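The values are calculated or read from the model by the stated rules, or taken from the named source; none is laboratory data. Nothing here was measured: the structure is a model prediction, and the numbers come from that model. With ideal geometry, Cβ positions are generated from the backbone for all residues, glycine too; neighbour counts draw on all protein chains shown. Each accessible area value is taken on the protein alone, full model and side chains, heavy atoms only, with ligands, DNA and RNA left out. Shrake-Rupley method; radii C 1.70, N 1.55, O 1.52, S 1.80 Å.
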Amino acid sequence: MLLDVKNLTVGYRTDDRQFRIAVDGVSLALDKGETLGIAGESGCGKTTLARALMAYTRPGSKIVGGNVFLDGTDILALPDRQKHAIRGSRIAMVPQNPLSSLTFHMRVGAQIDEIVCRHEGLSRRQAQEKSVALLAATGMPEPDAIYRRYPHELSGGQRQRVVIAAALACRPGILVLDEPTTALDKTTELRVLELVSQLREQFDTALVYISHDLNVIARVCDRICVMRDGRVIEAGDTRKTFASPVHGYTRRLLDAIPRVNASGPVRPLRADSGEAPILEVTNLKYRYPATGLGIPFSPKKPGTLAVQDLSFSINRGRTLGLVGESGSGKSTVASVISGIIPPGSGKIAFDGVPLNRAAPERPADLRRRIQMVFQDPLSSLNPRLSIGRILMRPLRVFFAMGHEEARQEAARLLERMDMRAELLDRFPRQLSGGQQQRVALARAFAARPDLIICDEVTSALDVSVQASVLDLLLSMQAESGVSCLFISHDLGVIKRVADDVIVLQSGEVRDAGPTSDVFTAPSHPYTQLLLEATRNVFDVRPAASDEAALAVQ
Amino acid sequence: MLKKSGKRILRSPVTMIGIAVLTAHMAIAALAPWLTPYGSSELAGMPFEPPSREFWLGTDILGRDYLTRLLMGGRITISVALCGVFIAIVAGAFFGLAAAWHGGMIDEVIMRLVDTKVAIPSILLVGVLIPGFGQSVPVLILVIALVYVSGVIRTVRALALTIAPQGFVTAAVLRGESNLSIMCREFLPNVLDLLCVEFAIRMSSAILLVSSLSFLGLGISPPTPDWGLMVSEGVGYIHTDPWLVIYPSIALSTLVVALNLTTEGVANALGLDAARGMTKG
Amino acid sequence: MTTISRRAVLKASAWSAAAAYMARVGIIDSASAQPAPKPGGGLVYAVTSPNNRLGDATNGLHPHNWIDLANRTCYNALVWVDENLELQPELATSWEADDGQEVWEVDLREGVEFHDGSEMTSKDVVSSFEFHRTETSFARQIASVEAIGNHKVRFRLTEGNSEFPYILAEYHCMIMPAAEPDKIGLSGIGTGPFKPVGFDPRRSIKMVANERYWRTGHPYLETLEVVNRGGQMEGAVNGFLSGQFDAVTNIDPGFVRQFQGRDDTSIVYASGGDQALMILPKYDGSPFNDKRVRQAIAAAIDRDRIARIVYGSDGGWVGNDTPLASSDPNFLAYPYKYDTERARALLAEAGYPDGITLPTFYFAPYWPEIPRIFQVMSEMLREAGITMPIEERPNDGYRQWRVEDAEGTRKHRFAYGPVGIRNPGISLYRMRPDNNESGYWSGESAERYMELYAKALVTGDPSARREIYHEMQEIAFEDAPAILPVGRRNILIHKSNIAGLDNHPQAWSIRFDEVHRL
């Protein structure tokens, strides 16, 4: 057995000095060349476990029990020097955020060199050759050029490849990947996952793959452990587990994943009312403002074109899904319509009224009628204001309500969002992510809007929470008849909420039409690629054991 | 949350020592006139009298009771530093938020002024301003405010810049809130912690600055009892009467150290709370 | 105990200063009686009195810009005032006045050479005084100066002055080689015992012995360096302790404590020194226009106590509200007792029954004890219901700041002024009505005071003059034009291996001719 974890327990000290257990008696085993997925929602202890596999804990945490045998040696019992020697050479890690794991002021090549030099004692020249070879192995087109770049000069995918190259520098027996693709676009994620699989075979490395995304785990891993509250609640072969989960929690997790596959639940199409559309966008173009120092006569760089010639309309009571990866211009569209930024060229008509100004210059009633919900629920709520004050503010601004009236209305709104009115006196940080996003929704609905713009509202949430927030949104929409512009990179989510869909890439429309049509018969290759990247792959990749079984048959 | 922070403070012995010493200093400063039977500049005895039942710490170069002067010596310094730093904090918060929120020319002008100020050593600035405007307590307060306002502007602006792109600020803009309302309602509550910590940090530094100025003859004028001034008066007698220097030095250093310990402890208790809350999971 | 420290103790009284003078008169004889001082070696001494003119000097070599730093190291005047304030011949050998004390004939020493080897003659003296009589306030009374042969000059005064030779001893009135008025003195050449070689008066003046010095056999020292530590008492004393300086002049009486009982240090007290003047401006609207307010302030000050607190037992002397020093034979002791009741009564009479708040009083720390004197005074005045806020000003530019535009507007500040020790003819003249030191004193008393002064100036007989001076002092006691409560006795410390360094109540009159190393 390459890696054998026995009864591993990790605890940490909380603010009030109590000792809490983050990883509770976890046992798992990993053989040569095997791939193990560790799945679970945020806070389940999976990252702590990953670190403990390298005999490392965050300051304040402590491994309190169990063993980690690497090739039969308990690495937890080793002296610190030997622990350091093992990390990076025999067991390496790819952390979640590639930017924060690269030093920003060093060329990426030098950073890989450093690892190679330290563990293998190569000369600078040899190290450089090896680093370039590693970068080439990660499939980057010009490894020599990449070698000389700084981290900020690389794209997200490139950075992640550099980090993977660095991790593989010493050909470790085990590679631990902690959410390596969470920060990436779906299509990029797909490519990185392919790379990981390919490298695994090429370098003959065992993988521990940690992710909240069951889809990703299904693509990469032979075996899976599902964690909850620090315990492994279910473990076994990936395919079998997904096909017939034993534990109720695993089943709930699987059910909560929005499905793009035809077999998933399809949103019932709302009837087109036939009225004039609530929002009509014609030939919208938007160029980022020129950047400069803001001093008169200082040189300016012309801005890039974020949106090119975009036309669409949203009918009353319907939801338009706007799909695209980062940089596709979808958030710019939201900003222009909501009035965060002044409009570019083209025409935007809201209920017949042209939207040709930024929000502060719009009439108050217009501001009220268009509401926006943001991606990160925590940052969209002022952490220093109570939930009550947050919800009362729009009521007082838009409806000039008195304090008491506003407070009652706020309480009513909270209850409508399936939350207790006591939460009015809480602060955003004391709420869970789902509750925070519901408060954000409640704030938007407090203004009794006609159009609500949802910008990636679920992407910061765990899947199970995500489902409940989406359900809430749908029911609110059904109740109030509000129209919705729903922006997301997640096709599954879009499929669940949107009547119509527009696929954006580089500021241009690639595909448009009713959701069911676009998803079942994509007309543009990019849409096909997106669909492929998001498809639930529970049955796509036959597990190694199955292949063996087939061979036997 | 406050309760938690309170507990954390109680558990840190160093912070508790800081708070105890600080409280003692404040109590003494507040009650000083009633603690000894002498006036602070009263010529109660002959110069250089040794400690006795009458004068517990002896008398100074003019025959004034040294204990009285020592107890009174912190009052002016603390008040001047307090007023100066308070003005610096209020003005710094205003200009820092304005710079961060308005951006553009306003930001440029404010920050270039701040840079200019930072490029001039404080002691030089003070050395030019005080003789220029005359040596008086209001001038001293304004000079202290001027010395510290630039730092406050910088830190407030830096934090405000991280707040500005957050959703709740955008939400307020979309509601059509006025700039003043956004600054007061959305920004201010979020920089309040920082302002408190800034206040405490600048406070200890300001106390030292006022004392140094008094020592150099640019701060508090005699015969007002003041530690910096007392050190400067006593420094000539350090070979024969070192206590004239040692007592006020001890008083000054315990105050500053206590202030720093308290600040650090309280900031840790409050700041770590916020930081942990964000990085949890 | 060494001879030197015994000598220092002797110097501690005015009587002993007189004894020292007796010794000096016969200096050649006594020098042959004792083992002759060993020539050679150098002396580095620090001056701590701030030299307020140097900052403005366009050419520091000019004696007008040296002031009390070290005039008599490089230059000589015609007359020298000795340690007991008696006149001694310097470049003059004798002098004589007519009956009206208006025309003075002065015989010059022969064979005196300047540093550059040229001989000093009456031409140089005339040229020097043509300059001084326009540039030095004390010398303005000289109406004309003319040469009578090579070694005699005649001064004509605008009016009689029985104490004119004291003017010739003033620190400005040095003899320089003859030149045009706009060039004279700029060469730095004098007749003194030392020649300047390095000149940076803000820091130090380096000098070497003048081999042509007219006092044959003097100076003993080969080099002399004056280091300017104006206003930096601690620095000077630390420099002394670390061996950087062999002597420090004008040290703070408080600092003396640490040197008492040390074998390697001698403390030398002079018979007197500067006194602190509180100027009472008497322009329209000033509270000091009222004589009773001035008298109240004078009555509310315990002079003995100030002297005791500030100077200790032997560092100071009690003044009498005139610029005359207590060591002067013409000095009258202050007649009134410290009396707060009288002060309150006078104030009530002047319309301040609940006490009075005076304008802020300003002072600069010319001497380190100056802030102390006025802090103590402020406390004492408080006991009599007089509130006097005080504020310290920097030494730099203090004089200009305090006087403001007094010449034009008569408005000037309620402030401290330094008063040096001089003969009565000069000292009592300071209280003249057109001088800001008297606060532009006016009225009948002032007129009477000046009448008496004019009479004294033409009175050749010293005892008759003394009568007049007493009467003038009595007028000042009664009218209180200014307050001069206490004065210092200058203190000098030097290493015990230095001899012949006598202290002097006039810092600028210290001579270095006799100084030698043991």
With all protein chains in place and a 1.4 Å probe, B:E42 shows an accessible area in Å² (nearest 10) of 80
Cα extents of chain A per principal axis, largest first, Å, are 71, 57, 54
Computed over segment C:275-488, protein heavy atoms only, probe 1.4 angstrom, the accessible area per residue in square angstrom equals 37
Probe 1.4 Å, all chains present, heavy atoms only: C:T134 accessible area in Å², nearest 10, is 80
For B:M105, the accessible surface traced by a 1.4 Å probe with all protein chains present amounts, in square angstrom to the nearest 10, to 100
Regression test value, accessible area per residue of segment A:357-479, probe 1.4 Å, units Å², expected 38
As straight-line cross-link partners of B:K7, the qualifying aspartates and glutamates (C-alpha separation under 20 Å, not fewer than 8 residues apart within one chain) are A:D15, A:D16, B:D193, B:E264, B:D273
Accessible-area order for A:S523, B:S181, largest to smallest, probe 1.4 angstrom, reads A:S523, B:S181
Only helices counted: for chain C, with every DSSP H run of 4 or more residues adding -39500 (n - 2.57) and the sum spread over all residues, [θ] at 222 nm is -8500 deg cm²/dmol
In whole Hz, the Karplus estimates of ³J(HN,Hα) for segment A:505-516 (6.51, -1.76, 1.60; θ = phi - 60°; x where Gly or Pro) are 9, 6, x, 10, 6, 9, 7, 7, x, x, 3, 4
Percent of all alpha-carbon pairs of the protein assembly as shown at distances over 58 Å, whole number, is 45
In the neighbourhood of A:G157 defined by beta carbon distances under 10 Å, the net charge of the other residues (Lys, Arg +1; Asp, Glu -1) is +1
The set of residues whose placed amide H lies less than 5 Å from the amide H of C:I483, leaving out same-chain residues fewer than 5 positions away, is C:M278, C:L280
Here P(r) for chain C, Cα-Cα distances in 20 Å bins, as whole percents, is 22, 56, 21, 1
Sites removed, the longest contiguous part of chain A containing no DSSP-loop chymotrypsin sites (Phe, Trp or Tyr not before Pro) with at most 13 other Cβ within 10 Å is A:298-553
Along segment C:495-505, Karplus-curve 3J(HN,Hα) (6.51, -1.76, 1.60; θ = phi - 60°) to the nearest Hz, with x for Gly and Pro, reads 5, 5, 8, 10, 10, x, 9, 8, 8, 9, x
Put A:D499, C:D263, A:D462 in order of accessible area, largest first, probe 1.4 Å, and you get C:D263, A:D462, A:D499
Non-local residues with an amide H under 5 Å from the amide H of C:W80, with H modelled 1.01 Å from N and Pro and chain starts lacking one, are C:Q88, C:E90
Nearest 10, in degrees from 0 to 90: the angle of helix B:66-102 to the longest Cα principal axis of chain B is 10
Taking the reciprocal of mean 1/r across every pair of different Cα atoms in segment A:1-82, the Kirkwood radius in Å is 13.3
In segment A:365-406, the residues losing 30 Å² or more of accessible area (1.4 Å probe, heavy atoms of protein chains only) relative to their chain alone are A:R367, A:F374, A:S379, A:N382, A:R384, A:L385, A:R393
Relative contact order in percent for chain C (Cα pairs under 8 Å, 6+ apart) equals 22
Once both label points are put 7 Å beyond Cα along the C-beta direction, the C:R154-C:E211 separation in nm becomes 4.1
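Grab the Cα-Cα distance for C:E113 and C:E383, subtract it from 0.36 nm times how many residues apart they are, and report the gain in nm with one decimal. Before the final figure, lay out the partial values.
Numbers: separation 270, 0.36 × 270 = 97.20 nm, distance 6.06 nm.
Here the segment from C:E113 to C:E383 would lengthen by 91.1 nm.
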Rg from C-alpha atoms of segment B:143-281, normalised by the globular rule of thumb 2.2 N^0.38 Å, equals 1.48
With the label point 7 Å along the Cα-to-beta-carbon line of C:K123 and a cut-off under 15 Å to each amide N, the hits in segment C:173-208 are C:176-181
Residue-ordered couplings for segment C:86-100, obtained by feeding phi - 60° into the Karplus form 6.51 cos²θ - 1.76 cosθ + 1.60 and rounding to whole Hz (Gly and Pro as x), are 9, 6, 10, x, 10, 7, 8, 10, 7, 8, 8, 10, 7, 5, x
Expressed in angstrom and rounded, the centroid-to-centroid distance over alpha carbons for segment A:97-122 and segment B:11-60 is 59
Of B:H25, B:H102, C:H504, ordered by accessible area with the largest first and a 1.4 Å probe, the sequence is B:H102, B:H25, C:H504
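At a threshold of 8 angstrom on Cα-Cα distance, excluding pairs fewer than six apart, so keeping six or more, what relative contact order does segment C:38-253 reach in percent?
31
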In segment C:38-253 the accessible area split gives carbon plus sulfur, as whole percent at 1.4 Å, a share of 43
Nearest-0.05 FRET efficiency for A:D80 and A:E129 at R0 = 35 Å, using Cβ-Cβ distance, is 0.65
Here the residues of segment B:184-204 whose accessible area is at least 30 Å² smaller with all protein chains than in the chain alone (probe 1.4 Å) are B:R185, B:P189, B:N190, B:D193
In chain A the accessible area split gives carbon plus sulfur, as whole percent at 1.4 Å, a share of 49
Regression test value, accessible area per residue of chain B, probe 1.4 Å, units Å², expected 44
Ignoring ligands and nucleic acids, chains A and B bury, in total, an accessible area (1.4 Å probe) to the nearest 100 Å² of about 2600
For A:F486, other-chain or 5+-apart residues with amide H closer than 5 Å (H placed, Pro excluded) are A:L320, A:G321, A:L322, A:C454
For chain A the mean separation of alpha carbon contacts under 8 Å (6+ apart) over residue count, i.e. relative contact order in percent, is 15
Flagged as over-length at 23 Å C-alpha distance, from A:K186/A:K330; A:K46/A:K330; A:K186/A:K347; C:K291/C:K455, the pairs are A:K46/A:K330; A:K186/A:K347; C:K291/C:K455
Calculated from DSSP helices alone, with each H run of at least 4 adding -39500 (n - 2.57) and the total divided by the residues of chain A, [θ]222 nm to the nearest 500 comes to -11000 deg cm²/dmol
Other residues with Cβ under 11 Å from the Cβ of C:G117 give, with Lys and Arg +1 and Asp and Glu -1, a net charge of -3
Env charge @ C:K195, Cβ radius under 12 Å, K,R +1 / D,E -1, value -2
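Using only Cα atoms, what Kirkwood radius does segment C:38-253 have, in angstroms?
Values: mean 1/r = 0.0556 Å⁻¹.
Answer for segment C:38-253: a Kirkwood hydrodynamic radius of 18.0 Å.
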